[in-house]
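Have a look at the structure below, then the notes.
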Amino acid sequence: MDKIPPLTISPVLREAAELKVEELNRAKDAFKRRYHLDARRSTEPNTIARVKSLIENVSKLNPDKVDEDDLAIMRRYVDQATDDQSVSDSKLLKFEELICSKLRKHLNRMDISTLHIKLMEEVMNANGPRDDLTAKLAGVDLEDDFEVVETGLDEVLEKFEKETFTADEVDVVAIEDYLSSLFADQKDKQDLNDIRVALREYSEDGEADGVDIDQDFLMWCIVDLLKSDSIDNDGKKTLQGYLQSPIALRELVSMINMKSIRNWEYKDADKGLAVKAQQNPEGQHCIVVEENIIDMLFLHSMGYTWAMRLKNSLSDFARRCNCFNTEELSMEEANKREYFLGRNPSKPVPAAVTPSICTVCHPYYPPAPMPPPPPMPMPMSIPMNIGPPPPPIIVIGKKKKSTFRPWMSAVPPPPSRGSLASTRNNFYKKDFFMSRLPTEDGCTPNVAQSEEVQANLMKTLAAESKLREAFDGLVYAGSAKLESLASSLPHKTVLTVLKFLGVPEMSLDFFERFLCTKLNIGPAVRGAADRVLPRARGVPEGHALELFFTEAVMFFLEVVVRQKTGSFLYRLKNDCYFVGTYDQHEEYEAQVAEFADVLGLEASFKQTQAIGFLDFTRPVTTIDDSKVEAYARRVKKQLSSCNTILDWVRVWNNTIGTYAAHLFGPLADIFGAPHLNAVRSAYKRIFEIVLDGRDLTNHVKNLLVARSMCPFPEMSSLEAFIYLPQPYGGLGVKNPFITLKLAHELREKPDELITKYIEAEDAYYMRAAENWALLPADAHARKIEAIYQNNEERITASLGAARELGIFMTKDELTEHRERASYPVLPIPPPPPSVYTFTQAPSLTNLYTELLNEPNDDILCSDKVDDEVRHLSGKGDMRSWNKLSGEDKWVLQLYGDECFERYGGLEMWVREYVPQEVLKAVRGAEWDDNDNDDESSYMSEC
């Protein structure tokens, strides 16, 4: 689910929020005056009158705060006390205290609502000079030397000019010949033609009807642009204003849809787009090209609509084409496995009949036993009027042994039928194939989160390396990088690739106008004169059309590596990773080098693989402590610059609070408990650096106290508020140690799964050899006749010319195709032994999925918490128990008793009094086009 960055609140929305805040303050003051909760008693000295008045006020004004049945019972006893002195004052005082305690819980909830409003107002009013929040805490040292890499502005500008304004000549004919060579097969040519037809039809529709986007799509584009670092604050404020105005959105949609690619040009194209230098959050200088807001939205829409269509076409290609499908065993290989591992035919099969079903893939299972015969009829000599016949006599005894012993498969269920190759293929297509391109999700793009793709890649590379080491003895893994892919991409390369994919001339002209637009380099240097030059190479980093262009080019690299190596190229944008045999690795490097050379790119190679904080090149995957510490110091600097508490919480949750699987790797069985312990130690070090040795709870408490935002006299009451999820009224601070605790069931020895598989494979081979030795003398001849019809040519092609047909296959022959075909269930040898131990066929698919598995605890909750979560489910953004994350379940159970004691339930605020849409806007809401109508309505048409 995508996150919307915090928004600047418009004046109209601010005014609406202030009206709601006034309602809360008025209701809170009236509540206090009405019930005198601060003084605990009213001025009425008579206990009966005081309690009776309290009950009447609650029944009339706040009946939802105390149970109706409880009020009725207490009213009955108070009425009795008027005439009956047996009802003591102490009993009446208990009634009073019971009612007041529930009213105080409601007042506590109103106090939490007030606290949320203060946090919200702090953000709305934080438009002046930055007031470092963390600097107000005693003992916090902000003078540390952070390890931030800063590239000099002059160097960045020099590189930009060299890459952007210097054309890199490429051989267009060579590119076309190279791309054509990848589709030499007739089937591949037909699949390529399907891509061309789809893109041509889409382009022609766009030429006739325009972009044709709707309001939801435009809103998605605005949210996506707000997350970009290449847009200045003024541009973001304008986009935020559009996002909060449905009328403006409708006008923008109409304006963008009326634009035509036939005559599109940038506004004031002759003056050149301004080029400016700015610093990203890591402190590095980067160059951005400023676009007019309308051009920006139009091009962003064009980029993503083209990218979605490209993803659909390429996904269809991957499903149909030969190179991305699993290579099945050849007929000769399948017959060989059938000969040594298949069942022995009980009868000779005529030579003219060819078995139509492979018994290796479809082993024989005995049919279900016939039902028992009906009971014999009673003799007619018995009189018919003496009553019902006696029940049949059941004789229990030993079943007579059958003398017919066919060669049949064992009864236990077979293992998974899918091969490792097909499983790996499915995972690749689902998680990695062209993963940057968006898919169509209703009327908006659905983009795979890069962090999730990277996390999946980390465990996949680890699993592939472990398997190669176990099966081949050595691991041949490496990485390649296409340097400055976006900024140095030759324009001729882009246009040649798009033309090869079937994009028509009119769309190519539009793309060429975009690529070759004029840029004004002058504004990048303060005080420098304007210098307008046409862009000769590259495309702006992070632009929607950059995504479309670079992925269209990189598609062919994935194709050629798959074709030539039989393995997959795993890719994170322009970073490529490969694991295979020695020959495959050599071929992969050769193909990447040739691809880069032909298309005018620059490739660099490493014999190591490192992603995030993990290094995969050693026998044991390790965490780079230097990267961890540098990351912690950089985050500390970001947190120290936060001038509001909500901003601090947002940065904390995005960087440290949420477990960073894309940096440390998923908590999967392939890494095991040793990796979990290493990650835990790394997070302890991060906490020490960022929090200066303090614990998280006290640090956040101090942040609240420093801003006078503690609604309770005792600070201990803040703990539940700090960690409870925001829909329940909490601050929603995340703690990565909860995630680490939930993964405590990881295996102590990550390699034991592979060891067990190798042992199972050895046992399988031994049992298969034993079964082979038990075959009768004529069994081999019957197998030859049944499988090969005694055809010497087929026998030689499958088993070899000089093979002794009575000798069982070697272990290497058995495991030669272990990744392409699953092992069949071994048949029971004839005659069946008196004691037979079933040998399970080893499943490499099961091993692979187990290695990638991420075990997680199922959090149990008390009946009270379970009932409360079920009661609140569907109210606001609160969900049912099974839809909550493990971390939220942990927190709700941990602080549940405290919430019931202080707030009367898990909902610790009165959400109706808090401007929900404004609070979501300043916190950063979640973009979900399928959410309830009451969620993020400022993001929907109204």
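Read-outs throughout are calculated quantities, based only on the coordinates presented, and are distinct from any laboratory measurement. Keep in mind the model is a prediction, meaning the values are calculated, not measured. We place every Cβ from the backbone using ideal geometry, glycine too, and count neighbours over all the protein chains shown.
So for Phe721, Phe160, fewest C-beta neighbours within 10 Å to most, what's the order? Walk me through the numbers before you get to the answer.
Details: Phe721 30, Phe160 21.
Neighbour counts put them in this order, fewest first: Phe160, Phe721.
In terms of Cα to Cα distance under 17 Å, which lysines are near enough to Lys227, apart from those fewer than 8 places away along the same chain?
Within the straight-line limit of under 17 Å, Lys227 reaches these lysines: Lys3, Lys236, Lys237, Lys920.
Could the peptides 530-539, 900-909 be put in order, highest first, of the mean number of other beta-carbon atoms found within 10 Å of their residues? Show your work: numbers first, answer last.
On the way: 530-539: 17.6, 900-909: 20.4.
My ranking of the peptides, most packed first, is 900-909, 530-539.
Answer with one residue from Phe549, Val598, Val628: the one whose Cα lies farthest towards the positive end of the charge dipole of the stretch 540-651, charges on Cβ with Lys, Arg +1 and Asp, Glu -1.
Val628
For a quick check of your reading of the filter: which GluC sites (Glu not before Pro) in the stretch 645-736 sit in a DSSP loop and have no more than 12 other Cβ atoms within 10 Å?
Numbers: sites: Glu688, Glu714, Glu719; in loops: Glu714.
Filter output for the stretch 645-736: Glu714.
In terms of modelled amide H atoms, which long-range or inter-chain residues lie less than 5 Å from the amide H of Gln244?
none
So what's the stretch 679-780 giving for Cα Rg divided by 2.2 N^0.38 Å, two decimals? Mind dumping the intermediate values first?
On the way: Rg = 28.5 Å, N = 102, 2.2 N^0.38 = 12.8 Å.
Against the compact-globule rule of thumb, the ratio is 2.23.
Quick one: 3J(HN,Hα) in Hz for the stretch 11-28, Karplus 6.51/-1.76/1.60 with θ = phi - 60°, rounded, Gly and Pro as x.
Going residue by residue, I get x, 5, 5, 5, 5, 5, 5, 5, 5, 5, 5, 4, 4, 5, 4, 5, 5, 5 Hz, with x marking Gly and Pro.
Taking the beta-carbon count within 10 Å as an exposure proxy, list Tyr304, Tyr266, Tyr765 from fewest neighbours to most.
Values: Tyr304 24, Tyr266 17, Tyr765 20.
So the ranking, lowest neighbour count to highest, is Tyr266, Tyr765, Tyr304.
Hey, can you grab everything whose amide H is under 5 Å from the amide H of Met434? Only 5+ residues off in sequence or another chain; H modelled, so Pro and N-termini drop out.
Answer set, sorted by chain and number: none.
Name the shape class, rounded, prolate or oblate, that the alpha-carbon gyration tensor gives for the stretch 616-673, where a ≥ b ≥ c are the square roots of its eigenvalues, rounded holds for a/c under 1.5, and otherwise prolate holds if a/b is larger than b/c and oblate otherwise.
Working: a/c = 5.16, a/b = 2.06, b/c = 2.51.
Since a/c reaches 1.5 but b/c is at least a/b, the shape of the stretch 616-673 is classed as oblate.
Go through the stretch 635-652 residue by residue and turn each phi into a ³J(HN,Hα) via Karplus (6.51, -1.76, 1.60, θ = phi - 60°); whole Hz please, and just put x for glycine and proline.
5, 4, 5, 5, 5, 5, 8, 6, 9, 9, 5, 5, 5, 4, 5, 4, 5, 4
What residues qualify as long-range amide H neighbours of Ala274, i.e. H under 5 Å apart, gap of 5 or more or another chain, H built at 1.01 Å from N?
Correct list: Glu290, Asn520.
Determine the alpha carbon to alpha carbon distance for each of Lys573/Lys889; Lys734/Lys864; Lys430/Lys499; Lys564/Lys606; Lys28/Lys864; Lys271/Lys636 and list only those over 31 Å. Write down the numbers at each step before the final one.
Numbers: Lys573/Lys889 35 Å; Lys734/Lys864 24 Å; Lys430/Lys499 27 Å; Lys564/Lys606 20 Å; Lys28/Lys864 28 Å; Lys271/Lys636 42 Å.
Distance filter (> 31 Å) returns Lys573/Lys889; Lys271/Lys636.
Output wanted: per-residue J couplings in Hz (rounded whole) for the stretch 903-915, from phi through Karplus 6.51 cos²θ - 1.76 cosθ + 1.60, θ = phi - 60°, x for Gly and Pro.
Rounded to whole hertz, the list is 10, x, x, 7, 7, 8, 9, 9, 5, 5, 8, 9, x.
Order of Lys811, Lys336 from fewest to most other C-beta atoms within 10 Å? Please report the intermediate quantities before stating the final value.
Working: Lys811 13, Lys336 24.
Taking fewest neighbouring Cβ atoms as first place, the list is Lys811, Lys336.
Using only alpha carbon pairs under 8 Å that are at least six residues apart, calculate the relative contact order of the stretch 220-342 and give it in whole percent. All intermediate terms of the calculation are to be shown ahead of the outcome.
On the way: 55 pairs, mean separation 23.9, N = 123.
Rounded, it is 19 percent for the stretch 220-342.
Please say if the stretch 786-857 is rounded, prolate or oblate, where rounded means a/c under 1.5 for a ≥ b ≥ c the square roots of the C-alpha gyration tensor eigenvalues, and otherwise the choice is prolate for a/b larger than b/c and oblate otherwise? Provide the component values of the computation, followed by the final result.
Working: a/c = 3.21, a/b = 1.60, b/c = 2.00.
It is oblate, given that a/c is not under 1.5 and a/b is not larger than b/c.
I'd like to know which of Gly210, Asn193, Tyr178 lies farthest towards the positive end of the charge dipole of the stretch 175-220, counting +1 on Cβ of Lys and Arg and -1 on Cβ of Asp and Glu.
Among Gly210, Asn193, Tyr178, the one farthest towards the positive end of the dipole of the stretch 175-220 is Tyr178.
Using just the C-alpha positions of the stretch 589-631 as equal point scatterers, what log10 of I(q)/I(0) does the Debye formula give at each q in 0.20, 0.26 1/Å?
-0.70, -0.84
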